Amino acid sequence: QQQVKQSPQSLIVQKGGISIINCAYENTAFDYFPWYQQFPGKGPALLIAIRPDVSEKKEGRFTISFNKSAKQFSLHIMDSQPGDSATYFCAASTSPGNRDDKIIFGKGTRLHILP
Amino acid sequence: ETGVTQSPTHLIKTRGQQVTLRCSSQSGHNTVSWYQQALGQGPQFIFQYYREEENGRGNFPPRFSGLQFPNYSSELNVNALELDDSALYLCASSWDRGQGELFFGEGSRLTVL
């Protein structure tokens, strides 16, 4: 099963609040979990990524939490800002060299931060 | 260092026609992946090219085909266009088949009438 399920579909958060986006996967061979950010009219850009040997990774206001046993991972945006308004995609892939090592994307979460 | 560039940015075709989309990979990258992004959806993997050979294909029919050239640029060809082919087509480059960061272009918006 190659699917990555993402929720919620859309999210509205007050400026300064915490934005939380969740993803779940089926394929236990996945071992790389990136999050991409996409602004209107642009291609997705890598925001932050995690491998399953750690349970959390933090970069500035962005944190990935990873639960290997539950096959779930989430993105937390602390102190959310209007400039964070974008569509966020979780993704997953297997190790390079595997024929199925393509990156699989979730359906996306449209985040809007209220000023 | 130049980023990923795609052309054309927008195009309109009619059902049954054929289209070719082009992608120049980021300098130093030898792998190109193509994705289809329908409105309001996540990118769907079409196929990947690594050193001029196809290296994995998603659930797309054979009328979706591609090429990678010695300079690692790439083309996506779609024959017998259908209305459902209307989407943003994204090209992403990476080094050695990826699993690291994918660098996306801004896409080619295809409308099929």
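Each reported figure results from applying straightforward, stated rules to the coordinates on display, with no laboratory input. Here the structure is a predicted model, which means the values were calculated and not measured. Note that we place each Cβ from the backbone using ideal geometry, even for glycine, and neighbour counts take in every protein chain shown.
Return a yes/no flag: does region A:15-33 have any residue that is away from every other protein chain (no Cβ under 14 Å) and surrounded by 21 or more Cβ atoms within 10 Å (Cβ to Cβ).
There is at least one residue in region A:15-33 that is away from every other protein chain (no Cβ under 14 Å) and surrounded by 21 or more Cβ atoms within 10 Å (Cβ to Cβ).
Could you grab me the full set of residues in region A:47-95 that are closer than 20 Å to A:R110 by Cα, in a strand (DSSP E or B) and polar (S, T, N, Q)?
Result: A:T63, A:S65, A:Q72, A:S74, A:T87.
Conditions tested, residue by residue: (1) touching a Phe, Trp or Tyr at 6+ places or on another chain (Cβ under 6 Å); (2) in contact (Cβ under 8 Å) with a residue 24 or more places away in the chain.
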{"site": "B:H10", "(1), (2)": "no, yes"}
{"site": "B:Q26", "(1), (2)": "yes, yes"}
{"site": "B:A38", "(1), (2)": "no, yes"}
{"site": "B:P70", "(1), (2)": "no, no"}
{"site": "B:A92", "(1), (2)": "yes, yes"}
{"site": "B:F104", "(1), (2)": "no, yes"}
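Looking at B:L76, B:L83, which is the one that is buried (at least 18 other Cβ atoms within 10 Å of the Cβ), more than 10 Å from chain A (Cβ to nearest Cβ) and touching a residue at least 24 places away in the same chain (Cβ under 8 Å)?
Of B:L76, B:L83, the one residue that is buried (at least 18 other Cβ atoms within 10 Å of the Cβ), more than 10 Å from chain A (Cβ to nearest Cβ) and touching a residue at least 24 places away in the same chain (Cβ under 8 Å) is B:L76.
Specify which of the listed residues (A:I103, A:I113) is of a type in the set (A, V, I, L, M) and either within 14 Å of another protein chain (Cβ to nearest Cβ) or free of Cβ contacts under 8 Å to residues at least 24 places away in the same chain (or both).
After ruling out the rest, the residue left standing is A:I103.
Take B:G42 and decide whether it is crowded, with 22+ Cβ neighbours inside 10 Å, of a type outside the set (F, W, Y) and free of Cβ contacts under 8 Å to residues at least 24 places away in the same chain.
Values: crowded, with 22+ Cβ neighbours inside 10 Å: yes; of a type outside the set (F, W, Y): yes; free of Cβ contacts under 8 Å to residues at least 24 places away in the same chain: yes.
The answer is yes for B:G42.
Within region B:16-54, which residues are among the polar types (S, T, N, Q), more than 14 Å from B:Q6 (Cα to Cα) and not in a loop (DSSP other than H, G, I, E, B)?
Answer for region B:16-54, where residues must be among the polar types (S, T, N, Q), more than 14 Å from B:Q6 (Cα to Cα) and not in a loop (DSSP other than H, G, I, E, B): B:T31, B:Q37, B:Q44, B:Q48.
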